[in-house]
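Please read the structure below before turning to the comments.
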């Protein structure tokens, strides 16, 4: 039976997911560059450990977006939240502070939805007016994507319109 007070998470290894996670009470815990660097390191380490393929990511001061496929996504997210909170609390010399609230996920079942969420994730720092160009933001996949994807695929993703994409992003 589903628990009606929390989002339902149904993860399968062959699926691709768009995930949005938020800090407790939307607090801006990750404002320092060092904290964001550490958060990104934890994400990469946990994704690798749990065989999750990060296709896009954007880490901001009070939330994140991921496009991820394969592996044990549920366990990866649990460890990511736990390890990131432990590291942040150690950095700030605070014990037991709750850092992460919950996360929302969407299974991406068709190509157009996947492409739109790739672009949305790459452009999230622009959306929140942190930078003018996504590749200038070091805690997202935009510059990595431009370096590693084929120029044609970069153009395909850049051409996707975002005006009809509905993403829960109340941050």
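The values are calculated or read from the model by the stated rules, or taken from the named source; none is laboratory data. Being a predicted model, the structure only gives us computed values, none of them experimental. Neighbour counts are summed over all protein chains in view; Cβ atoms, including those assigned to glycine, are modelled from backbone coordinates with ideal geometry.
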Residues that are loosely packed, with under 13 Cβ neighbours inside 10 Å, without any contact (Cβ under 8 Å) to a residue 60 or more places away in the chain, out of contact with any helix residue (DSSP H, G or I) (no Cβ under 9 Å at 6 or more places or on another chain) and assigned to a helix (DSSP H, G or I): does the stretch 105-127 have at least one? yes
In the stretch 74-99, anything closer than 22 Å to residue 53 by Cβ and either touching a helix residue (DSSP H, G or I) at 6+ places or on another chain (Cβ under 7 Å) or in contact (Cβ under 8 Å) with a residue 24 or more places away in the chain (or both) is listed as 74, 75, 76, 77, 79, 80, 81, 83, 84
Given (1) in contact with a strand residue (DSSP E or B) (Cβ under 7 Å, 6 or more places away or on another chain); (2) farther than 21 Å from residue 141 by Cα, residue 114 misses just (2)
Within the stretch 144-171, restricting to residues that are at pLDDT 95 or above, more than 16 Å from the chain's Cα centre (by Cα) and closer than 30 Å to residue 29 by Cβ, the one that is surrounded by the most Cβ atoms within 10 Å (Cβ to Cβ) is 157
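Scan the stretch 132-139 and give yes if some residue there is touching a strand residue (DSSP E or B) at 6+ places or on another chain (Cβ under 6 Å), under 21 Å from residue 159 (Cβ atoms), outside any loop (DSSP other than H, G, I, E, B) and at pLDDT 95 or above, otherwise no.
No: zero hits.
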When (1) farther than 29 Å from residue 157 by Cβ; (2) surrounded by 13 or more Cβ atoms within 10 Å (Cβ to Cβ); (3) out of contact with any strand residue (DSSP E or B) (no Cβ under 6 Å at 6 or more places or on another chain) are applied to residue 94, the one that fails is (2)
For the stretch 41-70, the count of residues that are part of a helix (DSSP H, G or I) and either more than 15 Å from residue 100 (Cα to Cα) or modelled with pLDDT under 95 (or both) equals 7
